[in-house]
1. Please report, to one decimal in angstroms, the Kirkwood hydrodynamic radius of region 78-191 built from all distinct Cα-Cα pairs.
2. Working with all protein chains in place, sort THR163, THR60, THR200 by solvent-accessible area computed with a 1.4 Å probe, largest first.
3. To the nearest 10 degrees, how steep is helix 63-77 against the longest Cα principal axis of the chain, on a 0 to 90 scale?
4. GLN78 to SER151: extension gain in nm, 0.36 nm per residue of separation minus the Cα-Cα distance?
5. Highest mean first, how do 350-361, 117-128 rank when packing is the count of other Cβ atoms within 10 Å averaged over residues?
6. Okay, helix-only estimate at 222 nm for the chain: each DSSP H run of n ≥ 4 adds -39500 (n - 2.57), divide by all residues, round to 500 deg cm²/dmol; what do you get?
7. For ALA292 and HIS223 in one chain, what is 0.36 nm times their gap in residues minus the Cα-Cα distance, to one decimal in nm?
8. At a 10 angstrom cut-off on C-beta neighbours, averaged per residue, how do the peptides 260-269, 88-97 rank from highest to lowest?
Amino acid sequence: MQEQITFMRSRPRVAGGPRKALILGASTGYGLSSRIAAAFGCGAATVGVFYERPADDDRTASAGWYNSAFFEQFAHQQGLDAWSINGDAFSDAIKEQTIELLRQHTGPVDLVVYSLAAPRRGPYSSALRPIGKPYTNKTVNVQNGQVYETSVPPATEEDIAGTVAVMGGEDWKLWMDALGKAGLLAPGVRTVAYSYIGSTITAPIYREGTIGKAKEHLEATAHVLDAELAGSGGRALVAVNKAVVTTASAAIPFVPLYIALLYRVMKERGTHEGCIEQIDRLFRERLYTGAAVPVDAEGRIRLDERELDPDVQAEVGRRWQQVTTENLPELADFNGYREELSRICGFDNPRVDYGSDVDPKVAIPSLR
């Protein structure tokens with residue numbers, strides 16, 4: 001958290017950035033970085049919605065809880081307004097609670113970020129599977145570094161429908177419709193949801209699989225919302241980001257090995273970016289340039305151009321063919337991958353004394 005905040009504060013203020021931002025899925029990954037960028041890069045008041053576990057007598061809180069607690073505490077110290085809501089963002093109850101908070105504290109928002117990642121939404125469950133036939137390829141055991149071949153069975157029609165319901169654009173539109181009906185979308189509001197395309201290596205399990213169908217639905221929803229907001233000068237857009245280490249991406253078969261190889265190649269070329277660098281570019285070079293938002297032929301913001309550079313992909317593909325358990329440390333940034341995954345969960349940070357006594361019951365100020 002401190003490193004991401006320091007990065008944003010070291011950069012010039014984003015001219016024309018948001019003043020009041022609602023971040024849906026604000027406690028980890030791209031959503032968390034979006035909240036940090038809005039607050040510490042733009043000076044925006046932020047409302048973050050997330051679903052995290054507080055500490056109890058038997059266990060610590062989830063990492064996202066501590067992220068959000070630190071964010072609020074530090075934002076308040078810097079004179080920035082910040083409020084949080086903890087609960088199922090897919091539910092009507094949390095939508096209503098958020099709308100009431102906005103009415104009381106911020107009024108209409110000029111940025112809505114949709115960055116929810118969850119395995120279920122109400123009665124629907126997502127399934128990360130290929131479509132049409134099984135997919136077999138290399139993967140890596142994140143715990144011990146063993147490279148081995150695995151196979152994922154094809155999705156059923158129920159799998160596809162469930163994944164689209166959970167990870168597609170339906171809930172994004174429900175949020176925007178509810179905010180619009182409540183008069184809480186400022187003129188010129190911008191709303192952005194995050195997507196991924198990725199490599200041909202991961203395409204069968206990702207873009208051509210069930211999650212790809214969900215992303216297609218998300219992108220189609222963006223066009224509908226964009227048309228609806230056009231009259232007030234607003235925009236609804238999908239930003240296609242690069243692959244990064246998150247707890248969500250770690251659960252997708254084949255992806256951890258691809259990311260470890262990609263990180264090594266991009267770091268060697270000096271083009272590697274994490275979540276905060278991507279979102280800084282999104283705000284600074286895409287959303288808030290003072291000109292028309294640059295998009296591709298399908299209307300998407302593209303921040304993955306460095307990952308999909310032909311030379312980068314050719315080198316990743318070459319290493320993919322060669323990689324084994326024995327040469328993994330030479331070809332991939334596997335240690336870096338594991339360290340980053342650990343740090344997301346609060347471990348392996350060299351600046352932390354893990355032997356010191358701490359009180360795990362940390363409050364989020366606005367939730368007291």
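1. Kirkwood hydrodynamic radius for region 78-191: 17.2 Å.
2. Reading off the accessible areas and sorting them downward yields THR200, THR60, THR163.
3. Result, in degrees: 40.
4. Full-extension gain reported as 21.3 nm.
5. Result, highest mean Cβ count within 10 Å first: 117-128, 350-361.
6. That calculation yields -12000 deg cm²/dmol at 222 nm.
7. Extra length available between ALA292 and HIS223 comes to 23.2 nm.
8. Per-residue Cβ counts within 10 Å, averaged per peptide and sorted highest first, yield 260-269, 88-97.
The values are calculated or read from the model by the stated rules, or taken from the named source; none is laboratory data. For clarity, every value in this text was computed on a predicted model and none was experimentally measured. Note: ideal-geometry Cβ built from the backbone for every residue, glycine included; neighbour counts use all protein chains shown. Heads up: the accessible areas ignore ligands, DNA and RNA and are worked out on the full protein's heavy atoms, side chains in. Shrake-Rupley method; radii C 1.70, N 1.55, O 1.52, S 1.80 Å.
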